[in-house]
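Step one of this worksheet: look at the structure below.
Derivation of every value follows stated rules applied to the coordinates shown; laboratory data play no part. Keep in mind the model is a prediction, meaning the values are calculated, not measured. Note: ideal-geometry Cβ built from the backbone for every residue, glycine included; neighbour counts use all protein chains shown.
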Amino acid sequence: MKNTAQADGWMNGQRSNGISLGDRLRSGYHRFWYEASQAVRWSWGPFRESFKGPLTNLTQTQQQRTDELARSYRSRFENSLPPETALLNYSYLDILDRAKQALGWPVSTNQRVCDLGSANFAYAAALHTFFHPNRLTGVEVDGHRLYCNGRSRIDYARGHIQDLPQTEYVIADYRQFTRQAETITAWYPFVTPKPLLAWRLPLSLFHPAAVFAQVANNLVIGGTFVMVNHSAAEAEVARGIAEDVGLVCAGHYLHEAHLRPRIADPVLTIWHHG
Ligand SMILES: C[S@@+](CC[C@H](N)C(=O)[O-])C[C@H]1O[C@@H](n2cnc3c(N)ncnc32)[C@H](O)[C@@H]1O
């Protein structure tokens, strides 16, 4: 309860929650660019990074683990993605795979999977490989964001999902997204305001309780919400918010053996309706 109040208290003006005047000014600046990108909706069409090639400079452990994942999921991401993006996909698949083993998680395939806060959906291939969904949807509020090369996030996202059947990318605020799914995933959702500012988003988009409430609404009875947080501390904040909207934790997994360098150990939690 306390954590939800902390998370949304700032928006109600009840407390400062560590938000400085500088943060508010930054938020205003981010808001300007966010709203400008929403108004312009710039797009050149799907963009695929052309360079592909084998994964290079891997440590022996990375090599072993990527080979193992490629073998067991019959998917070599480097055949269709640039090495950096391929390794990113292995790292997302690695967390899912280890969590599945550790928790005895009975993953259902051929279902509707929705990912919330997908950024440019660079990891869509990993979700597709793991869940074998009959529909995969990535939902992102800031999908029109423009990159330095003149391409927008949706251009990259469309490139990333081009080869994936039954996969789409939707630009929407998840709070207003009303499609049901058997599985909903959220990788590193914002549960405190500072990371949102670091992602150059305005504080007006910080409503974790409302986002999680929408997850509970959109999850079919018997469905699964899979959340990954950056650290145990962040997972603890997220837990308070998820419990407040009626979700019940069915297991959590601390990922200590990272495939890519990380500052903290991510935590994957599995949630069901109460
Ligand atoms: C920390 S980033 C994580 C991005 C991505 N899941 C990943 O693993 O790389 C959180 C993402 O959630 C998006 N987001 C935040 N609030 C949202 C909302 N209400 N609806 C949809 N997306 C949202 C942000 O724009 C951002 O791209």
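Quick notes on this structure:
- Base-10 log of normalised Debye intensity for the chain (one unit scatterer per alpha-carbon) at q = 0.11, 0.13 Å⁻¹: -0.64, -0.91
- Taking the chain and dividing mean pair separation by its residue count, relative contact order in percent (alpha carbons under 8 Å, at least six apart): 21 percent
- Extension reserve of the residue 162-residue 36 stretch, reckoned as 0.36 nm per residue once the Cα distance is removed: 42.7 nm
- Sequence-ordered 3J(HN,Hα) estimates for the stretch 67-79 from the Karplus curve with 6.51, -1.76 and 1.60 and θ = phi - 60° stand at 4, 4, 5, 4, 5, 6, 9, 6, 8, 10, 4, 5, 6 Hz, glycine and proline given as x.
- Here's the picture: charge each Lys and Arg Cβ at +1 and each Asp and Glu Cβ at -1 in the chain, and of 240, 40, 77 the one pushed furthest to the positive end of that dipole is 40.
- Taking the helices alone, the chain has a mean residue ellipticity at 222 nm of -12500 deg cm²/dmol, built from -39,500 (n - 2.57) per DSSP H run of at least 4 residues and averaged over all its residues.
- For residue 138, nonlocal amide neighbours, meaning residues 5 or more places apart or on other chains whose placed amide H falls under 5 Å from its own, are 115, 168, 169, 170.
- Estimated from the Cβ-Cβ distance and a Förster radius of 45 angstrom, the FRET efficiency linking residue 74 and residue 25 is about 0.35.
- Nearest-0.05 FRET efficiency for residue 221 and residue 100, computed from C-beta distance (R0 25 Å): 0.65
- What the phi angles of the stretch 28-43 give under the Karplus curve with 6.51, -1.76 and 1.60, with θ = phi - 60°, is a coupling list of x, 5, 4, 4, 4, 5, 4, 5, 4, 5, 5, 6, 7, 6, 5, 7 Hz, glycine and proline written as x.
- Protection-proxy order for peptides 212-222, 31-41, each taking the mean of Cβ atoms within 10 Å per residue, highest first: 212-222, 31-41
- The modelled label-to-label distance between residue 170 and residue 50, using points 7 Å beyond Cα along the C-beta direction, is 3.5 nm.
- Most simply put, the stretch 2-273 has about 40% antiparallel DSSP beta bridges, counting only bridges with both residues inside it.
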